[in-house]
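Below is one structure; the comments refer to it alone.
The values are calculated or read from the model by the stated rules, or taken from the named source; none is laboratory data. For clarity, every value in this text was computed on a predicted model and none was experimentally measured. For neighbour counting, all protein chains shown are included, and Cβ atoms are generated from backbone atoms with ideal geometry for every residue, glycine included. Keep in mind that these areas ignore ligands, DNA and RNA; they rest on the heavy atoms of the full protein, side chains included. Shrake-Rupley method; radii C 1.70, N 1.55, O 1.52, S 1.80 Å.
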Amino acid sequence: MTAAPPADSSRAVLRLPEFRAMLLATVCSTLAGRAVALTVAYQLYQLTKNPLTLGLLGLVEAIPALSLALLGGVVADRNDRRRILLITTTLEVLCAALFFLYAPHAPVSGYVPILALIFTLGMARGFSDPALPAFEAQVVPRALLLRASAWQSSAWQAAAIIGPALGGVLYAAVGARGAYAFAAVLYALALGCLAYVKPKPRPAFTPGEPIWQSVKEGLAFVVQRQVLVGSMALDLFSVLFGGAVALLPVFSSDILKVGPQGLGILVAAPSIGALAVMLYATRRPPGRGAGRTLLLAVAGFGVCMVVFGLSRNFALSVLALVFAGLFDGISMVIRKATLRLKAPDHMRGRVSSVSSMFIGASNELGAFESGVAASALGTARSVWAGGLLTLAVVAVTAWLAPELRAMDLTDIAEDRTPEEAGGRAMKVEQGWES
């Protein structure tokens, strides 16, 4: 067996050919997905001139992605995860190709087929989102998982920033069909990268076990471990209460009075901070004291939201959003590393599915909550009040989850149940001893 590269180098994990292939697959698929999302949104608005259609667009993709997530986790823990990713990525290639073929007919035939394709992409996400992080953890040695998680987060963030801009440029230069064609090529490249990675062992599972029983085991595994449920809850409530992205058009137009140019800067600011810290994490990944760092990062995010909500100065507002993105980037790297390190291989799909539901719910409900709070309290007040609520969530989580507070990611031993450890571990008051 080939020895793993030394873990003390920021580039050690990049020496693994299969990880490089996974990294390139992440970049290509994220670029394609973001470009398709922008192209579809712009094309739909040109067809309908109705903003409600744009709201339906997000809902049509979110419903299958979230409703299938738990089932997708079970499927990922019972089957070849590489094959799942190959199937879902093939489906994405086909959807992009169908977008390309249908684009000229949309003005006459309507937008329902476009929404049907978006629904199909949401179904694919329901199975790929749990399978991808579980498969990544099989590709990389455990000693390098922290650095791998940082590189994957950085690649995803960079592609998420560039993807919409790429879609806009392509739409302006070659139209919707050209943008869809380019997305299909990117999805095909991602498929080729995944095909390059060799198959990995299928996870161990109990033959004949009912699917619902497997789902319950996954949920129980997360609930019984403070480091998992605590980190997911922090993400859910910080975005739910502290997110201000949905309200940025109001700030740019009515509060800061900087117009659409200023809105572009405000939207980009969090991503700049997040990408900077993720690139730093590839050299200095989180390790000792990671739990305390996670709590401080989410608290820092809450403070930034308070500052942003109170600010009437454009430069200060941009700075607050940059630091908000920076703190959110820290928490994202730690959360992803926690999922990979604190769940055994046969549970990673189900744990990832629960995490994707938390993230999806926080994004979808967060935008809704921001609108309701802004209507009831006023836009600026709702943002700084949400920041204060985020700080309260951090304090409560730190009090209720001492194991999360003390979490140390330098310990790469796999978390196992007492049965798997031969009865050595005993159930403690809150969760299993890891």
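Apply the a/c threshold of 1.5 to the C-alpha gyration tensor of the stretch 150-293 and tell me whether it is rounded, prolate or oblate.
Details: a/c = 1.97, a/b = 1.31, b/c = 1.50.
Oblate is the answer for the stretch 150-293, as a/c is 1.5 or above yet b/c matches or exceeds a/b.
Probe radius 1.4 Å, ligands and nucleic acids left out: which of K216, K200, K342 has the largest accessible area, and how do the rest follow? Don't jump to the answer; show the numbers that get you there.
Values: K216 95, K200 45, K342 20 Å².
From most accessible down to least: K216, K200, K342.
Which percent of the accessible area of the stretch 143-280 is formed by carbon and sulfur heavy atoms (probe 1.4 angstrom)?
Values: 4410 of 5970 Å².
Roughly 74 percent, rounded to a whole number.
Ignoring everything but the protein chains, give the 1.4 Å probe accessible area of R20 in square angstrom, nearest 10.
The accessible area comes out at roughly 120 Å².
³J(HN,Hα) across the stretch 333-348 via Karplus (A = 6.51, B = -1.76, C = 1.60, θ = phi - 60°), whole Hz, x for Gly/Pro?
4, 5, 4, 5, 5, 4, 4, 6, 8, 9, 10, x, 4, 6, 10, 4
Full-extension gain between R292 and L377, please, as 0.36 nm times their residue separation minus the C-alpha to C-alpha distance. Walk me through the numbers on the way to the answer.
Numbers: separation 85, 0.36 × 85 = 30.60 nm, distance 3.26 nm.
Gain in length upon complete extension: 27.3 nm.
Rolling a 1.4 Å sphere over the protein heavy atoms, what is the accessible area per residue of the stretch 67-132, to the nearest Å²? Mind showing how you got there, number by number?
Numbers: 2770 Å² over 66 residues.
Here the per-residue accessible area is 42 Å².
Run the simple label-point estimate for N79 and A392 please: 7 Å along Cα→C-beta, distance reported in nm.
Output for this residue pair reads 4.4 nm.
Rounded to the nearest 0.05, what FRET efficiency is calculated for L94 and N313 with R0 set to 35 Å and r the Cβ-Cβ distance? If you can, show how the numbers build up before the last one.
Numbers: r = 49 Å, r/R0 = 1.40.
Efficiency at R0 = 35 Å is approximately 0.10.
Rounded, prolate or oblate for the stretch 98-184? Axes are the square roots of the Cα gyration tensor eigenvalues, ordered a ≥ b ≥ c, and the cut-off for rounded is a/c under 1.5.
Values: a/c = 3.98, a/b = 1.92, b/c = 2.08.
Since a/c reaches 1.5 but b/c is at least a/b, the shape of the stretch 98-184 is classed as oblate.
What FRET efficiency comes out for W399 versus Q138 if R0 is 51 angstrom and r is the Cβ-Cβ distance? Round to the nearest 0.05.
Working: r = 36 Å, r/R0 = 0.70.
Computed FRET efficiency for W399 and Q138: 0.90.
Hey, can you grab everything whose amide H is under 5 Å from the amide H of Q224? Only 5+ residues off in sequence or another chain; H modelled, so Pro and N-termini drop out.
none
Could you go through the stretch 400-407 in sequence order and give the Karplus-derived ³J(HN,Hα) for each residue, using 6.51 cos²θ - 1.76 cosθ + 1.60 with θ = phi - 60°, rounded to whole Hz, and x for Gly and Pro?
Values per residue, Gly and Pro as x: 7, 10, x, 5, 5, 4, 9, 4 Hz.
Please calculate the 1.4 Å probe accessible area of W384, with all protein chains present, and give it to the nearest 10 Å².
Approximately 80 Å² for this residue.
Return the distance in nm (one decimal) between the two label points of a simple spin-label model at K257 and I63, each offset 7 Å from Cα along Cα→Cβ.
Each label point lies 7 Å from its Cα, and together they span 4.3 nm.
Using a cut-off of 24 Å between alpha-carbon atoms, which lysines can reach K216, once sequence neighbours fewer than 8 places away in the same chain are excluded?
K336, K342, K427
Explain nothing, just compute: Karplus ³J(HN,Hα) = 6.51 cos²θ - 1.76 cosθ + 1.60, θ = phi - 60°, for every residue of the stretch 383-398 in order, whole Hz, x for Gly and Pro.
6, 6, 5, x, x, 5, 5, 4, 4, 5, 4, 4, 4, 5, 5, 4
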